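J.: I have a structure here, written as structure tokens, and I will follow up with some questions on it.
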Amino acid sequence: MPFISQFQRQSDYNLFSPTTPIVIDNGASYFRIGWAGETEPRVVFRNIVQRPRHKVTGETVTIVGDHNPALMKYFDCTRSGPRSAFDSNVVYQFEIMEYILDFGFDRMGANGLEIDHPVLITECVCNPVQSRSKMAELLFETYGVPSIAFGVDAAFSYKYNQHHGVCNKDGLAMCPGFTTTHVIPFVDGEPVYKGCCRTNIGGYHVTDHLKQLLSLKYPYHLARFTWEKVEDLKMEHCYIAQDYASEAQLFRRGGKEAEEKTRCWQLPWVPPPTEEPPSEEEIARKAAIRERQGQRLREMAEAKRSSRINELENELHGLEFLLQQLDQVEESDIPSFLSDTGYVSKQEIESARAKVTQSLRKAKGEPKSDQAETERADSANSEKYSLINIPDETLTPEQLVEKKKQLALKSMSEGRQRSKQKRYEEEMQRERRLQLEEEKRLENPELYLEQLHAKYKDLSEKVDQRKRLKTNGNHTNGNNLSGGVGRGERLNAAQRERMRLLTTAAFDRGKGEDTFGARDEDWHLYKLMSRDNDDDDEGPDEDEAELARISSRLQDLDPTFVPKLDTGNAQSAEAVPRSRPLTKEDFQIIFGVERFRCPEILFNPNWIGVDQVGLDEMAGVSIRRLPDKDESLEERLTDSILVTGGSSVFPGMIKRLEAAIRMIRPCGSPIRVVRALDPVLDAWRGASAYASASLFHTQTFSRADYYEKGEDWLRGYQLKYTI
């Protein structure tokens, strides 16, 4: 099961006497702190520090250990990730270590600036003197600790299990930890550090390897594979295979046994809503609503139309009344009369009346009179282009300029009318053709569909042939496909003729003086060279347009019809995956070979580029490093092998280690591998029991000794585990 943090602040700190030691298990993964003599640590949290900025205030905050993901949305964590005080399993970032110790002592309930209790803190095997001296300086100078003792976590775990009869006085302690794995031989209850063995592989690498495998297998769920979640998946699902090759072959063959060993992690998934067909009552209700809405819109449109008709009629009556008054006014008084009306001439009033009459007729829905419209258009044109039919001799220079403008405007207007009439005729012809096709389809649908398929096939071949000719001329590579041909072979006939003319002109004129253009035939040659005869390359292709129309028609009539892909885009079309609705299976993470492949790196570190021995070979290396070569001692060591540490909880670890160590030991050697009572907490419990002993103070060094003897005295400091 995943490890659980507990960091509630304690309230009984002042109830303990100053002689009661504080026990700290300073692991690379978790930090555990509590009181000596107790069986459980008081505070447990991850040994990491994060310093993000608040998104609103910009203030930098310090977060130690585990954090609440719901609160992290208020902080910007892009520039500050989780940081550890450890390099492998050695403390080297003491600024971060100070944050962790501050948080640990605060959770224990310490209120003052100084800690007036002795401290027993764990360290790695053969910890460098510089790291040990810096830790002592931090505890003495910053926290005022009266005395300190350093011990190895794996040794405390071995002594704790020895006290409970799990292992013997002579044996091996194998500790696969978070970032490293150690093997420590014990002789007469004391560790022999000269025989220790270390490999830079641990639970961190297993988790990272599993995270990489899942990210490669499911790249669209990367956000789900957080470090904490992958760590939980590792502790819950991974196991050690007794024989990796046979286990992998089992999953390769598949079958019931492999299916039983496969695990599935279902991600949150909400099925898309299914739309049920509406009932008859619902259809009738919606139809009634649409009918009411349509009736309301029709009433609104009718009211608007009536209002528009009334406005136009009033305007028309006003214009007619104005014309009647204008007929009664004398010729000399017309300008003064029109100045009050806003019109310039009588023709302008008549034109306005004609427009209002046309708008009124359109509003009432009356049919148009073609002859009247034509006459009206002719009269309007004659008024608009009044200078066109007048001879130039009778016009002034200003009128000549205006006549040229009217000629240009009239030609453009007539061109637009011709284009409009042509489009109208084409549209009518297209409608008649579609109507004829629909009549044919209704007479014999099967024959009509067969003819469409045949026409589609002919046009498709014709278009493909034209494209091939445009690409490589009349040459192919034997498969009716464009091959690797030169520029000359890609030109069509018109382009090749222009190239010939250019070559001839350059050859003839390249000798002596260049006189090209001096004769009339030179200009004829220039026109031939500059003429664009590539009619096929310009404008839309009628065959391609007809092919697209037939393809669309076949898709509407024949559900089994699949349009032919363009040869140039076939590869890209196949490469694009077809979209489909997401299902429940798309949100499932399947654990198959990953369950035993990731922990296998503890036995084969070279799989991830670590050129060191595995966990099974470390036992033989540690035994060979012992200063005393005694077969009886080696048998006693292999007869009591204790496996402890967070990475030893994988199922199958004990059997795999026992079988692997038996392979490297002489035949008949006693092999006994046991797991610690609690591989995770036995180190702290052993240190707690050791600190509660009456002679513990003899193994500590005080602050006075530190100030008197200095840091170099720590080089020879070594804790005795049997007191």
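The values are calculated or read from the model by the stated rules, or taken from the named source; none is laboratory data. All of these numbers come straight from a predicted model, not from anything done at the bench. Heads up, the Cβs are rebuilt from the backbone with ideal geometry, glycines too, and the neighbour counts pull from every protein chain shown. Just so you know, the surface numbers come from the protein's heavy atoms only, side chains and all, with ligands and any DNA or RNA stripped out. Shrake-Rupley method; radii C 1.70, N 1.55, O 1.52, S 1.80 Å.
J.: Residues of region 321-333 being assigned to a helix (DSSP H, G or I) and in contact with a helix residue (DSSP H, G or I) (Cβ under 7 Å, 6 or more places away or on another chain), which ones?
T.: Across region 321-333, the qualifying residues are Leu322, Leu323, Leu326.
J.: Under the condition of being charged (D, E, K, R) and at pLDDT below 95, which residue from region 596-616 is most open to solvent (accessible area, probe 1.4 Å)?
T.: The qualifying residue most open to solvent (accessible area, probe 1.4 Å) is Asp611.
J.: Can you name the condition, by its number, that Thr19 falls short on among (1) free of Cβ contacts under 8 Å to residues at least 60 places away in the same chain; (2) under 19 Å from Ile115 (Cβ atoms)?
T.: (1)
J.: Identify all residues within region 666-723 that are of a type in the set (S, T, N, Q) and either under 55 Å from the mean Cα position of the chain (by Cα) or over 30 Å from Phe650 (Cα atoms) (or both); write none if there are none.
T.: Ser688, Ser692, Ser694, Thr698, Gln699, Thr700, Ser702, Gln718, Thr722
J.: Out of (1) surrounded by fewer than 16 Cβ atoms within 10 Å (Cβ to Cβ); (2) touching a residue at least 40 places away in the same chain (Cβ under 8 Å); (3) of a type in the set (Gly, Ala, Ser), the odd one out for Gly151 is which?
T.: Among (1) surrounded by fewer than 16 Cβ atoms within 10 Å (Cβ to Cβ); (2) touching a residue at least 40 places away in the same chain (Cβ under 8 Å); (3) of a type in the set (Gly, Ala, Ser), Gly151 violates only (1).
J.: Only one of (1) among the aromatic types (Phe, Trp, Tyr); (2) closer than 30 Å to Tyr721 by Cβ; (3) touching a helix residue (DSSP H, G or I) at 6+ places or on another chain (Cβ under 8 Å) is not met by Tyr193, so which one is it?
T.: Result: Tyr193 fails condition (3) only.
J.: Right, something else. Determine if region 229-246 includes at least one residue that is in a helix (DSSP H, G or I) and surrounded by fewer than 11 Cβ atoms within 10 Å (Cβ to Cβ).
T.: The answer is yes, given that some residue of region 229-246 is in a helix (DSSP H, G or I) and surrounded by fewer than 11 Cβ atoms within 10 Å (Cβ to Cβ).
J.: Can you tell me which condition Leu436 does not meet? The list is (1) open to solvent by 90 Å² or more (accessible area, probe 1.4 Å); (2) modelled with pLDDT under 80; (3) of a type in the set (A, V, I, L, M, F, W, C), and all the others hold.
T.: For Leu436, the exception is condition (2).
J.: Which condition number in (1) open to solvent by less than 10 Å² (accessible area, probe 1.4 Å); (2) within 45 Å of the chain's Cα centre (by Cα) is the one that Ile654 fails?
T.: (1)
J.: Hey, another quick one. When residues of region 671-711 are filtered for being more than 26 Å from Ile623 (Cα to Cα), out of contact with any Ser or Thr (no Cβ under 8 Å at 6 or more places or on another chain) and open to solvent by 70 Å² or more (accessible area, probe 1.4 Å), how many remain?
T.: 6
J.: Checking Thr122 against (1) at pLDDT 95 or above; (2) in a helix (DSSP H, G or I); (3) among the β-branched types (Val, Ile, Thr): exactly one of these is not met. Which one?
T.: All conditions are met except number (2).
J.: Looking at this structure, is Val344 closer than 30 Å to Gln588 by Cα, outside any helix (DSSP H, G or I) and open to solvent by 80 Å² or more (accessible area, probe 1.4 Å)?
T.: Here the answer is no, as Val344 does not meet what is asked.
J.: For residues that are under 12 Å from Val674 (Cα atoms) and not polar (S, T, N, Q), scanning just region 161-174, find the one that is surrounded by the fewest Cβ atoms within 10 Å (Cβ to Cβ).
T.: Pass one, region 161-174, residues under 12 Å from Val674 (Cα atoms): 161-162, 165-168, 171-174.
Adding the requirement that they be not polar (S, T, N, Q) leaves 165-167, 171-174.
On the way: Gly165: 7, Val166: 18, Cys167: 26, Gly171: 25, Leu172: 26, Ala173: 30, Met174: 27.
Among residues in region 161-174 that are under 12 Å from Val674 (Cα atoms) and not polar (S, T, N, Q), the one surrounded by the fewest Cβ atoms within 10 Å (Cβ to Cβ) is Gly165.
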